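Below: the structure, in structure tokens.
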Amino acid sequence: MVKRSPVARRLEKINPSSIRRAFSISQRAPSVINLGIGEPDFTSPKHVIDAAKQALDEGKTHYPPTAGVPQLREALAKKAKRDYDLNYDPDNDMLVTVGAAEAVFLALLAFVNPGDEVLLFDPGFVCYEPDVLIAGGVPIFVPLGERDGFKLDVDAVMSQVTDKSRVIIINSPNNPTGAVFSHDALLKLSKLAVERDLIVISDEVYEKIIYDDVKHSCLATFPGMRERTIVVNSFSKTYAMTGFRVGYALGPKELIEPMMKVHQYSVACVDGAAQYAAVAALDGPQDCIKTMVTEFTRRRRLMYKRINEIRDFSSTLPKGAFYIFANIKQFKTPSTQFADYLATEGKVATISGSAFGENGEGFLRLSYATSYEKIEEAMDRIENAVKKLG
Ligand SMILES: Cc1ncc(COP(=O)(O)O)c(C=O)c1O
């Protein structure tokens with residue numbers, strides 16, 4: 001056994017994610033319904049799986065290029081043009097990564113110096129804070145309030161900007177709240193980013209999972225933003241391809257090149273067969289997205305209705321992603337404890353809101369990326385567990 005502490009100081013403040021905890025609860029006890037899950041329950045579309053198989057059958061088993069296979073980069077350039085009228089050069093302005101997760105991490109390692117401040121929202125996606133800390137940055141939290149439907153409050157951002165602010169991470173549609181930031185708010189934010197010379201990491205992994213008449217705005221489309229925005233996206237949510245681990249970053253060459261250095265010397269490149277599957281996802285039929293979103297819409301209505309009928313629960317109707325961020329403050333119990341109670345007594349795994357930041361305390365994140373029937377059963381179980389509290 002080594003005598004000195006074997007763990008590097010940069011990891012001292014990093015705790016394991018409580019999402020893993022929900023995962024292991026439901027793995028250990030199969031009778032538990034898992035509403036903690038952050039991935040579509042659908043299998044990837046057949047044509048996507050076939051493309052991966054075909055690539056392997058054709059012997060595409062060698063190291064792919066660092067930046068990603070040319071076919072995928074071409075397809076990504078076309079997608080950016082088609083969806084947002086944005087021009088990205090396949091040779092210089094993009095990098096294929098191991099999921100969106102790697103893209104965010106690379107961007108922070110590439111642009112954050114020790115002591116630089118990185119603006120994050122609270123509640124927010126669980127990876128951001130640890131990623132900032134590992135990169136040596138200082139996370140500065142901007143609270144998102146339930147009263148306003150967790151909407152983007154640019155004045156609150158402005159009040160946290162200092163001379164040390166370097167990067168801001170935006171995530172819309174949002175995990176865990178399901179909020180979609182409005183065009184006007186993003187426009188105001190983009191003016192602030194330009195004025196204060198911030199680099200923006202825009203995590204848009206839920207761009208296609210939106211409901212009703214809500215519109216998603218890609219941050220790079222706002223004036224002055226293309227040059228300072230790293231658009232992060234992935235195939236995980238849109239095409240139910242979480243296990244393929246393919247994501248990407250779009251941005252000007254000046255921002256992509258430094259990220260490429262870290263990518264090259266760490267993971268080297270992304271699984272080749274998975275990249276061909278991603279090409280099939282982009283170039284193939286898109287009705288799989290509609291089918292999934294139609295089903296999510298049905299489940300969202302069900303969960304929203306049922307959760308608000310349970311005593312002392314309340315929630316706003318999410319506009320995007322596949323989570324309900326339910327207020328449980330009336331129970332006057334810490335949310336981790338309450339999630340544990342629901343897991344043991346109700347046999348339903350949820351994620352404590354505090355996993356997403358201090359401001360998430362008093363909430364539970366419930367995912368509706370599970371079958372309609374399981375959601376019905378889970379709501380019955382939660383209702384019964386709450387009744388037992390008296
Ligand atoms: C907001 C957000 N960003 C990034 C990711 C990571 O996605 P990927 O599977 O592409 O790494 C997730 C996954 O839950 C997420 O919710």
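Listed residues ALA193, ALA240, ALA220; which is of a type outside the set (D, E, K, R) and on the phi > 0 side of the Ramachandran plot?
Details: ALA193 fails: on the phi > 0 side of the Ramachandran plot; ALA220 fails: on the phi > 0 side of the Ramachandran plot.
After applying the criteria, what remains is ALA240.
Would you mind finding the one in VAL270, VAL232, VAL262 that is part of a helix (DSSP H, G or I) and either within 16 Å of the ligand (Cβ to nearest atom) or among the aliphatic types (A, V, I, L, M) (or both)?
Working: VAL270 fails: part of a helix (DSSP H, G or I); VAL232 fails: part of a helix (DSSP H, G or I).
Only one candidate passes the filter, namely VAL262.
Which of the helices (runs of 4 or more DSSP H) found entirely inside region 127-203 contain at least 3 residues meeting this: over 20 Å from the mean Cα position of the chain (by Cα) and surrounded by fewer than 24 Cβ atoms within 10 Å (Cβ to Cβ)? Steps first, please.
Working: elements: 128-134, 154-158, 183-195.
In region 127-203, the matching helices (runs of 4 or more DSSP H) lie at 154-158, 183-195.
Kindly evaluate GLY251 against the criterion of being open to solvent by less than 10 Å² (accessible area, probe 1.4 Å), within 30 Å of TYR276 (Cβ to Cβ), within 16 Å of the ligand (Cβ to nearest atom) and small (Gly, Ala, Ser).
Numbers: open to solvent by less than 10 Å² (accessible area, probe 1.4 Å): yes; within 30 Å of TYR276 (Cβ to Cβ): yes; within 16 Å of the ligand (Cβ to nearest atom): no; small (Gly, Ala, Ser): yes.
No, not satisfied.
Assuming SER24 fulfils every condition listed in (1) of a type in the set (Gly, Ala, Ser); (2) in contact (Cβ under 8 Å) with a residue 12 or more places away in the chain; (3) outside any loop (DSSP other than H, G, I, E, B) apart from one, which condition is it?
Status for SER24: all satisfied but (2).
Being of a type in the set (Gly, Ala, Ser) and at pLDDT below 90 is the filter here, so list the residues in region 23-46 that pass it. So that I can check it myself, show each step before the final result.
Keep residues of region 23-46 that are of a type in the set (Gly, Ala, Ser), which gives 24, 26, 29, 31, 36, 38, 44.
Residues satisfying the conditions are SER24, SER26, ALA29, GLY38.
Which one is most open to solvent (accessible area, probe 1.4 Å), of the residues in region 1-16 that are of a type in the set (Lys, Arg) and either within 11 Å of LEU133 (Cα to Cα) or at pLDDT 85 or above (or both)? Give the steps one after another, and end with the answer.
Going residue by residue through region 1-16, those that are of a type in the set (Lys, Arg) are 3-4, 9-10, 13.
In the following step, the residues that additionally are either within 11 Å of LEU133 (Cα to Cα) or at pLDDT 85 or above (or both) were identified as 9-10, 13.
Details: ARG9: 191, ARG10: 144, LYS13: 153 Å².
The extreme case among them is ARG9.
Would you confirm whether any residue within region 314-325 is away from the ligand (no atom under 16 Å from the Cβ) and in contact with an Asp or Glu (Cβ under 6 Å, 6 or more places away or on another chain)?
Here is the first cut: in region 314-325, the residues away from the ligand (no atom under 16 Å from the Cβ) are 314-317.
Within this subset, residues satisfying the condition of being in contact with an Asp or Glu (Cβ under 6 Å, 6 or more places away or on another chain) are none.
No.
Taking only pairs six or more apart or across chains, which ones have beta-carbon atoms under 8 Å, a first residue in region 114-138 that is at positive phi, and a second residue that is among the basic types (Lys, Arg) and away from the ligand (no atom under 14 Å from the Cβ)?
Once the first residue is at positive phi and sits in region 114-138, its partners that are among the basic types (Lys, Arg) and away from the ligand (no atom under 14 Å from the Cβ) give GLY115/LYS164; GLY136/ARG10.
Since ILE199 meets every condition but one in (1) within 16 Å of the ligand (Cβ to nearest atom); (2) in contact with a Lys or Arg (Cβ under 6 Å, 6 or more places away or on another chain); (3) of a type in the set (A, V, I, L, M), which condition does it not meet?
Tallying (1) within 16 Å of the ligand (Cβ to nearest atom); (2) in contact with a Lys or Arg (Cβ under 6 Å, 6 or more places away or on another chain); (3) of a type in the set (A, V, I, L, M), ILE199 fails exactly one: (1).
Could you grab me the full set of residues in region 56-91 that are among the basic types (Lys, Arg) and open to solvent by less than 70 Å² (accessible area, probe 1.4 Å)?
Within region 56-91, ARG73, LYS79 qualify.
Just checking, how many residues over region 111-126 are outside any loop (DSSP other than H, G, I, E, B) and either among the β-branched types (Val, Ile, Thr) or touching a His at 6+ places or on another chain (Cβ under 9 Å) (or both)?
Keep residues of region 111-126 that are outside any loop (DSSP other than H, G, I, E, B), which gives 111, 117-122.
After this cut, where a residue has to be either among the β-branched types (Val, Ile, Thr) or touching a His at 6+ places or on another chain (Cβ under 9 Å) (or both) as well, the list is 118.
Final tally of qualifying residues: 1.
Filter region 58-85 for residues that are small (Gly, Ala, Ser) and assigned to a helix (DSSP H, G or I) and give the result.
Listed by number, the residues that qualify are ALA75, ALA77, ALA80.
If I ask for residues that are within 21 Å of GLU39 (Cβ to Cβ) and open to solvent by less than 10 Å² (accessible area, probe 1.4 Å), which ones from region 208-230 would you list? Give the derivation first.
Let us first name the residues in region 208-230 that are within 21 Å of GLU39 (Cβ to Cβ), namely 208-211, 216.
Hits for region 208-230 are ILE209, TYR211.
Name the single residue, out of those in region 237-248 being crowded, with 23+ Cβ neighbours inside 10 Å and outside any helix (DSSP H, G or I), that is farthest from the ligand (Cβ to nearest atom). Can you show your working first?
The first filter runs over region 237-248 and keeps only residues crowded, with 23+ Cβ neighbours inside 10 Å, leaving 237, 239, 241, 244, 246-248.
Narrowing the set further to residues that are outside any helix (DSSP H, G or I) leaves 237, 239, 241, 246-248.
Working: LYS237: 7, TYR239: 11, MET241: 8, VAL246: 8, GLY247: 4, TYR248: 9 Å.
Going through the qualifying residues, I end up with TYR239.
Only one of (1) among the polar types (S, T, N, Q); (2) within 16 Å of SER234 (Cβ to Cβ); (3) part of a helix (DSSP H, G or I) is not met by SER44, so which one is it?
(3)
The values are calculated or read from the model by the stated rules, or taken from the named source; none is laboratory data. Everything numeric in this text was worked out from a predicted model, so none of it was measured. When we count neighbours, we look across all protein chains shown, and the Cβ atoms used for this are built from the backbone with ideal geometry, even at glycine. These accessible areas exclude ligands, DNA and RNA; they are computed on the full protein's heavy atoms, side chains included. Shrake-Rupley method; radii C 1.70, N 1.55, O 1.52, S 1.80 Å.
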